[in-house]
Structure formats: structure tokens, C-alpha cells
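Here the structure is laid out as C-alpha cells; the discussion comes afterwards.
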Amino acid sequence: MKHTLLFDHEKCSGCRMCELACSFEHTGEFSPARSRIAVLSLEHGVDMPVACLHCEDPLCMAVCPSGAISQRDGVVSFDEELCTGCRLCMMACPVGSPTIDPVVKRAVNCDLCAGEPACVSICPFGAVEFVPATHSALVNKKRIAERLSAIWG
């Protein structure tokens with residue numbers, strides 16, 4: 001069964017431990033700038049973890065001119081070797097999830113840590129969960145994307 005990340009802004013304290021765990025998992029260093037998850041500080045003291053929604057029909061993949069983005073088993077993947085760093089994926093993403101790694105200068109994205117997301121295991125408040133991709137989970141992801149799009153739009 002496919003799984004997905006769910007984020008609960010009501011549980012998020014803004015500690016950013018998820019960012020540190022992610023960057024360490026992927027780069028071996030604690031660097032929020034190299035994380036594939038970000039904690040956004042929104043209005044009224046609301047913090048919201050955000051990462052790739054692994055959309056069924058990813059807009060980032062549709063706009064990528066180099067073919068660096070693919071999808072397999074529901075996971076949207078980025079190929080650093082093919083990426084040109086053009087940032088079109090970042091502009092197309094409804095939550096702005098892909099980022100440019102400041103060291104390699106290429107787009108990176110949440111890859112769900114091969115089924116054991118580091119951000120989930122480190123979150124002390126349960127604001128990040130790895131759950132089966134049921135209909136209700138997918139509806140929740142869409143709601144979050146719409147909320148963030150309204151804020152940024």
C-alpha cells in the first residue's frame with residue numbers, strides 16, 4: 001500500500017527538528033538550507049511543515065524541460081544529473097516544495113526516505129505523520145495545498 005506524509009500545523013511547534021533530520025539523512029550534515037522539508041512560519045504564530053505532496057499528476061514533472069523529474073510507485077523523484085537548476089519545478093508546485101540545494105545547485109525534493117521518513121521519526125509532537133494514502137489522507141493533502149496556495153496567491 002502506498003503511503004504519504006501528512007502535516008498538522010496545530011501540532012507543529014516550529015522547532016524545525018524535521019528539517020535537521022532530513023538534511024542529515026540526505027547530506028550527512030545538519031543544514032536546514034539543504035533540507036527537503038521546510039517549516040513555514042505563517043500568520044498568527046502558525047507553523048506548518050511542508051514537503052512534496054507526491055501528486056498523482058505532478059505539475060513539476062510536466063514543466064521540467066530536462067526530464068529530470070519522474071514518478072514511480074507514487075513517489076516524485078528528481079535526478080540531479082539531469083537537472084539544470086532552472087527552478088520551473090518550484091514555480092509549478094502548488095506548495096513550492098522542490099528547492100535548490102545550495103551546494104549542488106540542483107533541485108531536490110522529498111523522496112519519503114525510501115519508506116522511513118526521518119522527519120516523522122524525529123518530530124516530538126507528531127506534526128508529521130507517514131500514513132497510508134487513503135482517500136481521506138489525499139483529501140487532507142489537497143486541503144493543505146489549497147490553503148497554502150491561497151496564502152501565497
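The values are calculated or read from the model by the stated rules, or taken from the named source; none is laboratory data. Note that the structure is predicted; figures quoted are calculated from it, not measured. Using ideal geometry, Cβ is built from the backbone for each residue, glycine included, and neighbour counts are taken over all protein chains shown.
The residue of the range 14-37 that is nearest to ALA118 (Cα to Cα), among those that are touching an Asp or Glu at 6+ places or on another chain (Cβ under 7 Å) and of a type in the set (Gly, Ala, Ser), is SER23.
This table checks each residue for (1) within 18 Å of HIS26 (Cα to Cα); (2) at pLDDT 95 or above.
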| site | (1), (2) |
| --- | --- |
| ARG87 | no, yes |
| SER97 | yes, no |
| GLY115 | yes, no |
| CYS119 | yes, yes |
| GLU129 | no, no |
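A single member of SER41, SER66, SER31, SER70 is small (Gly, Ala, Ser), touching a strand residue (DSSP E or B) at 6+ places or on another chain (Cβ under 6 Å), farther than 15 Å from THR4 by Cβ and at pLDDT 95 or above, and it is SER70.
Yes/no per residue for (1) under 23 Å from GLU129 (Cβ atoms); (2) hydrophobic (A, V, I, L, M, F, W, C):
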{"position": "PRO32", "(1), (2)": "yes, no"}
{"position": "LEU40", "(1), (2)": "yes, yes"}
{"position": "ALA51", "(1), (2)": "yes, yes"}
{"position": "PRO58", "(1), (2)": "yes, no"}
{"position": "CYS64", "(1), (2)": "no, yes"}
{"position": "VAL108", "(1), (2)": "yes, yes"}
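Taken together, VAL63, VAL46, VAL39, VAL50 contain a single residue that is among the β-branched types (Val, Ile, Thr), out of contact with any Lys or Arg (no Cβ under 6 Å at 6 or more places or on another chain) and within 20 Å of PRO102 (Cβ to Cβ), which is VAL50. Being surrounded by 17 or more Cβ atoms within 10 Å (Cβ to Cβ), among the charged types (D, E, K, R), under 16 Å from the mean Cα position of the chain (by Cα) and modelled with pLDDT of 85 or more narrows it down to one of ASP57, ASP101, so name that one. Going through ASP57, ASP101 in turn, the sole match is ASP101. Of everything in the range 66-99 that is aliphatic (A, V, I, L, M) and in a loop (DSSP other than H, G, I, E, B), the residue that is farthest from ILE144 (Cα to Cα) is LEU82. Listed by first and then second residue, the pairs with beta-carbon distance under 8 Å, at least 6 apart or on different chains, first residue in the range 73-89 and touching a residue at least 24 places away in the same chain (Cβ under 8 Å) and surrounded by fewer than 19 Cβ atoms within 10 Å (Cβ to Cβ), second assigned to a loop (DSSP other than H, G, I, E, B) and polar (S, T, N, Q), are SER77/ASN109.
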